[in-house]
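Contents: one structure, followed by commentary.
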Amino acid sequence: MTKKQATIITLLSVLAFILALVVTGRYWLRFDLTRTRAFSISQVSRNLHRDIQDPVNITYYLSPRLRTLSPEPGMIEDMLREYAAHSRGRIRLAVRDPLRVMDTVESFGLQPRQVPIVEQDQTSLITVFSGIVIEYLDRVEVLPWVFSTDTLEYDLTSRIRSMITDTERWVGIIIGDSVRQWGDDFGHLARTLFDAGYRVRLISPGDEIPDDLPGLLVLGGVDELDDWALYRIDRYIQLGGRVLFAARGVDVDTIFGSLEVNHFENPILLDMLASYGVIVRPELALDRNALTLQFQQQLPNGWMTVRRVQYPLWIAVHENSGNPEHPVTAGFHGLDLYWTSPLSLNTPYGVEATVMFTSSPNAWSMVNAFHTNPEHVHMMEFEANLTWGQQILGASLRGTMPSFFRGAPTPQREGFDEELPDMPLYASPARIIVIGGADFATNMIEATQARQNLDFLLRAVDWLVTDDDIVNIRNRQPHIGRFDRITDEQQRTAAMRFTQILNVIIVPLLVILAGFVRAFRRSRAMRLALADTSTQTQCCEGNDETQIKEGEK
């Protein structure tokens with residue numbers, strides 16, 4: 001090879017390397033071997049460029065110091081670059097140091113966080129930023145603090161889609177129980193919806209429900225929602241509305257703590273749900289797969305003690321009890337339910353019912369003898385033999401719902417001149433979710449650290465308000481299941497016994513066996529080596545004797 005040829009090959013190699021770098025900026029390749037493909041964006045996100053008319057600018061404000069302390073910022077940046085790579089130039093990404101543009105950072109409302117670091121055996125706090133700003137035309141969406149890729153794709157894709165379609169994601173909330181307040185009793189749910197980019201519209205029972213409201217949550221209210229308020233909800237459903245009902249079949253005093261159970265005198269809401277196809281039975285569901293309840297108990301000597309009991313009225317719904325075919329429960333993380341009622345399905349023509357999740361097979365219900373006192377758990381099984389079996393705890397309906405008020409006089413409110421609007425002549429397809437109780441959506445989740453309840457509610461709102469493909473994005477995120485996933489006592493005992501035998505007996509025996517095998521192989525190798533050495537020595541001695549004899553001759 002001549003010097004000229006070597007120079008040409010070198011220049012071509014450098015040019016090929018530069019072109020390869022340019023191509024990698026436009027085309028993206030990543031091998032994601034996880035079961036749910038949690039570390040690569042879905043086809044829905046890759047196809048966003050089809051609907052984007054003008055450039056979408058994504059700016060990741062990241063403190064350089066944070067990049068050196070954790071791998072999470074690098075993973076976030078990789079996912080953002082994947083968005084840009086698949087957008088065919090429609091999504092532009094910039095990563096900036098917030099300290100250099102503090103005025104801009106403050107105007108967007110990005111939130112700094114303090115993280116501890118250890119330097120020279122001393123712990124100190126540093127203030128860092130890790131926020132994302134999305135800009136499209138004159139619209140801006142802000143993710144104030146991002147430090148995980150678990151829900152990042154959902155947050156980005158749902159917001160970008162809302163921006164390019166110029167729509168806001170609204171959800172209406174009706175608190176049916178007058179003793180409960182949205183901010184005080186549903187604070188965790190309110191924060192979850194806000195963080196997901198939803199705008200919440202609080203609607204007082206009986207007030208007008210906008211016809212174009214994307215979705216509605218009706219929380220409680222079996223004994224307080226009158227026919228006027230229910231007419232508004234029924235009309236909204238006839239217009240194709242999408243509603244989640246959280247309503248119990250019996251009245252349990254969980255607010256004031258007496259846990260007294262009574263039947264509702266006039267459960268019109270339950271009658272309306274039954275006309276749609278879901279019967280909320282006037283019972284309470286119980287399960288051997290129970291959560292732990294902690295309460296104070298007074299001893300005979302007057303002292304107070306704290307007790308912890310497995311409380312069957314607090315049900316731990318496991319992942320394997322969810323319906324994998326339903327968009328909301330396809331990536332089911334489980335639920336913690338408190339004093340909930342079982343459901344039955346009896347749908348009219350044109351309505352499709354789907355079971356979303358159930359209890360374990362070791363469940364039963366209280367029908368007549370309602371014992372709720374945690375001090376007497378043994379009394380809760382009086383009716384177990386008669387009602388034993390798996391219970392439906394959550395269901396959804398799709399289709400054209402029959403109007404509960406069609407053919408009946410329009411409700412009137414005494415002292416009000418306002419008249420209710422007429423029902424539409426023809427009903428539109430609607431969606432409904434029914435859960436047998438509203439306590440699982442309240443701040444009561446703090447008692448069992450039930451973050452999975454908020455995840456389920458957010459998925460349910462997504463299914464009601466947005467398209468199914470947005471819901472499927474959340475099903476891709478990784479999660480850790482419960483440690484008590486095995487609910488059957490015999491299976492759990494067998495699994496524990498197998499684990500003990502494996503760790504205490506089998507694994508040590510395998511280690512000992514491996515030691516014997518290795519020692520045997522080593523001794524065998526040493527014997528073969530000694531035998532070879534002995535053979536070579538004998539051969540050498542024989543050759544020497546032969547040479548001596550030949551020399552003597």
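Structure data summary
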{"quantity": "Conditions (1) touching a Lys or Arg at 6+ places or on another chain (Cβ under 9 Å); (2) under 30 Å from Q310 (Cβ atoms); (3) not in a strand (DSSP E or B): number failed by F440", "calculated": "(1)"}
{"quantity": "Single unsatisfied condition, I233 versus (1) closer than 25 Å to P421 by Cβ; (2) in a loop (DSSP other than H, G, I, E, B); (3) under 29 Å from the mean Cα position of the chain (by Cα)", "calculated": "(2)"}
{"quantity": "Inter-residue pairs, beta-carbon under 9 Å, first of a type outside the set (K, R) and in the range 1-13, second open to solvent by less than 90 Å² (accessible area, probe 1.4 Å), 6+ apart", "calculated": "M1/I9"}
{"quantity": "Lone unmet requirement of (1) at pLDDT 95 or above; (2) closer than 16 Å to F404 by Cβ for A190", "calculated": "(2)"}
{"quantity": "Residue satisfying condition, being modelled with pLDDT of 80 or more and either loosely packed, with under 15 Cβ neighbours inside 10 Å or closer than 30 Å to S162 by Cα (or both), within set L510, L530", "calculated": "L510"}
{"quantity": "Residue count for the range 385-403, restricted to those that are open to solvent by 40 Å² or more (accessible area, probe 1.4 Å) and touching an Asp or Glu at 6+ places or on another chain (Cβ under 7 Å)", "calculated": "1"}
{"quantity": "Test: residue in the range 188-198 that is of a type in the set (V, I, T) and under 25 Å from the mean Cα position of the chain (by Cα)", "calculated": "yes"}
{"quantity": "Hits in the range 404-437 - residues which are part of a loop (DSSP other than H, G, I, E, B), open to solvent by less than 40 Å² (accessible area, probe 1.4 Å) and within 25 Å of N346 (Cα to Cα)", "calculated": "F405, M423, P424, A427, G436, G437"}
{"quantity": "Strands (runs of 3 or more DSSP E) contained in the range 255-370 and holding at least 1 residues closer than 30 Å to D468 by Cβ and open to solvent by 30 Å² or more (accessible area, probe 1.4 Å)", "calculated": "278-280, 343-345, 351-358"}
{"quantity": "Subset of the range 448-491 (residues that are assigned to a helix (DSSP H, G or I), modelled with pLDDT of 90 or more and either more than 23 Å from Q43 (Cβ to Cβ) or of a type outside the set (D, E) (or both))", "calculated": "R451, Q452, N453, L454, F456, L457, L458, R459, A460, V461, W463, L464"}
{"quantity": "Boolean, A94 is surrounded by 11 or more Cβ atoms within 10 Å (Cβ to Cβ) and modelled with pLDDT of 90 or more", "calculated": "yes"}
{"quantity": "Subset of the range 166-214 [open to solvent by less than 60 Å² (accessible area, probe 1.4 Å) and among the charged types (D, E, K, R)]", "calculated": "R169, D177, R180, D185"}
{"quantity": "D271 being closer than 20 Å to G399 by Cβ, out of contact with any His (no Cβ under 8 Å at 6 or more places or on another chain) and touching a residue at least 40 places away in the same chain (Cβ under 8 Å)", "calculated": "yes"}
{"quantity": "Residue list for the range 184-199, restricted to those being of a type in the set (G, A, S) and assigned to a helix (DSSP H, G or I)", "calculated": "G187, A190"}
{"quantity": "Hits in the range 369-379 - residues which are in contact with a Phe, Trp or Tyr (Cβ under 9 Å, 6 or more places away or on another chain) and closer than 17 Å to L293 by Cα", "calculated": "H371, T372, P374, E375, V377"}
{"quantity": "Considering residues of the range 111-146 that are open to solvent by 90 Å² or more (accessible area, probe 1.4 Å) and of a type in the set (A, V, I, L, M, F, W, C) only, the residue modelled with the highest pLDDT", "calculated": "L137"}
{"quantity": "Every pair of residues 6+ apart whose Cβ atoms lie under 6 Å, when the first sits in the range 165-181 and is closer than 18 Å to E141 by Cα and among the aromatic types (F, W, Y) while the second is in a loop (DSSP other than H, G, I, E, B) and modelled with pLDDT under 95", "calculated": "W170/P214"}
{"quantity": "The range 148-165, subset under 17 Å from T192 (Cβ atoms) and open to solvent by 40 Å² or more (accessible area, probe 1.4 Å), residue farthest from the chain's Cα centre (by Cα)", "calculated": "S148"}
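The values are calculated or read from the model by the stated rules, or taken from the named source; none is laboratory data. None of the values given here were measured: they were computed from a predicted structure. We place every Cβ from the backbone using ideal geometry, glycine too, and count neighbours over all the protein chains shown. Calculation scope for accessible area: heavy atoms of the full protein, side chains included, ligands and nucleic acids excluded. Shrake-Rupley method; radii C 1.70, N 1.55, O 1.52, S 1.80 Å.
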